[in-house]
Structures are given as structure tokens and as C-alpha cells.
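I have placed the structure first, in the form of C-alpha cells, so that the comments after it can refer back to it.
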Amino acid sequence: MIQYKDLKEDEINRELFRGFIRRQIVTDCFRKEDGKWIVRAAPFVDDWTEQDYQFLTACLKHTVHTGGLVHAAFEDGGLKGFASVEPGLFGAEQKYLDLSSIHVSEDMRGKGIGKTLFLAAKEWAKRQGALKLYISAHSAVETQAFYKSMGCVEAQAYHKKHVEREPYDCQLECAL
């Protein structure tokens, strides 16, 4: 049975990810060409290195420390998914909060964990006064299918910080 909870800063450490499997086999990705989204072959395996886990741990701790949300899914005490939302409204109308991450362990995908985490992130963001979640998401076809199923659309205005950091990511928004 999956259990969900908001994590506290002191619960976030490298050991938390001991049984978490980030691995994603990507074959096709969306690319914007001449103002239109098309699917291109772009095969690779997305996985995290030890450095990536260390960086993620620091980022998630910072999110909680500054008043953001890290909501996690557990099975038998092991982390199986998490979503994080950064504090601080932004955008021209101060209507966005940033969904900075959402990941489900490879062994648990397709079981509704991502949807539950996403809905919890939306609810939290709404309580903070946001009107929309901003998402800079992996361009893999499967990843984009998930966000589309959650009602996300291309962002009306791109967040420069995300575009500069990850130029191939898709910039999305989701109304709350």
C-alpha cells in the first residue's frame, strides 16, 4: 500500500533514495521547430549519478527550508516517488508556483503515484495563492503524455531561468 506524506528537511538525505530507481529509457522527444512541436528520435537513457543525487538532496532540503513543498510516496518504507513545489509566486501577474520536480521510481510507474503526487502539488500551490503551476518538463514523449493527461498546456510565458538551464525542456503550465 502506498503512503503519502510531506517531508521535513531533516528527513531528506542521500539514504532516502536508497531504493529509488530514476532510470528512464527515452526513444523520442518533442522539439520545437519553426514554431511547431514535432517528435524526433532522440534515444538515450536518463539516470542519475551519485553527484545528481547529492545535488537533488540539497535542492529538496532547500525547498523545504524556504517554505516549499516536498511531497513523497512510500511503499514498505521505501521512497517510490516525490514532487516538489518551490515557494514564491512569480510571473507578470504573480500567478505561478514552480513544480520543480516530480519523479516516480521506475519499478512503480503506471500505478497512479505520479497523478496522486501531481494533484497534491496542485492543491498545495492553490492554498499558497497560485493560479497555475509552472513546469519545465523533460521533452520525452512519455513525460509529455503524462502532463497532457493532467491538463497541462504550453506555458503562455516562458520562465527565462528554466529555458536557459534546460533548453530542450518543454515549458508548461497547469491551471489550479
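Annotations
- Condition check for Arg40: basic (Lys, Arg), part of a strand (DSSP E or B) and in contact with a Cys (Cβ under 8 Å, 6 or more places away or on another chain): yes
- For the stretch 136-147, the criterion of a residue being touching a residue at least 40 places away in the same chain (Cβ under 8 Å) and of a type in the set (Phe, Trp, Tyr) is satisfied by no position.
- For Gly88: the one exception among (1) at positive phi; (2) surrounded by 15 or more Cβ atoms within 10 Å (Cβ to Cβ): (2)
- The residue that is farthest from the chain's Cα centre (by Cα), counting only those in the stretch 20-33 that are more than 13 Å from Glu142 (Cα to Cα) and at pLDDT 95 or above, is Arg31.
- Test for Gly68: is it touching a Pro at 6+ places or on another chain (Cβ under 8 Å) and surrounded by 12 or more Cβ atoms within 10 Å (Cβ to Cβ): yes
- Of the candidates Ala120, Ala83, Ala92, the single residue that is in contact (Cβ under 8 Å) with a residue 12 or more places away in the chain, part of a loop (DSSP other than H, G, I, E, B), more than 23 Å from Arg31 (Cβ to Cβ) and not charged (D, E, K, R) is Ala92.
The values are calculated or read from the model by the stated rules, or taken from the named source; none is laboratory data. The structure presented is a predicted model; accordingly, all values stated were derived computationally and were not measured. Methodologically, a virtual Cβ is constructed for each residue, glycine included, from the backbone with ideal geometry; neighbour enumeration extends over all protein chains shown.
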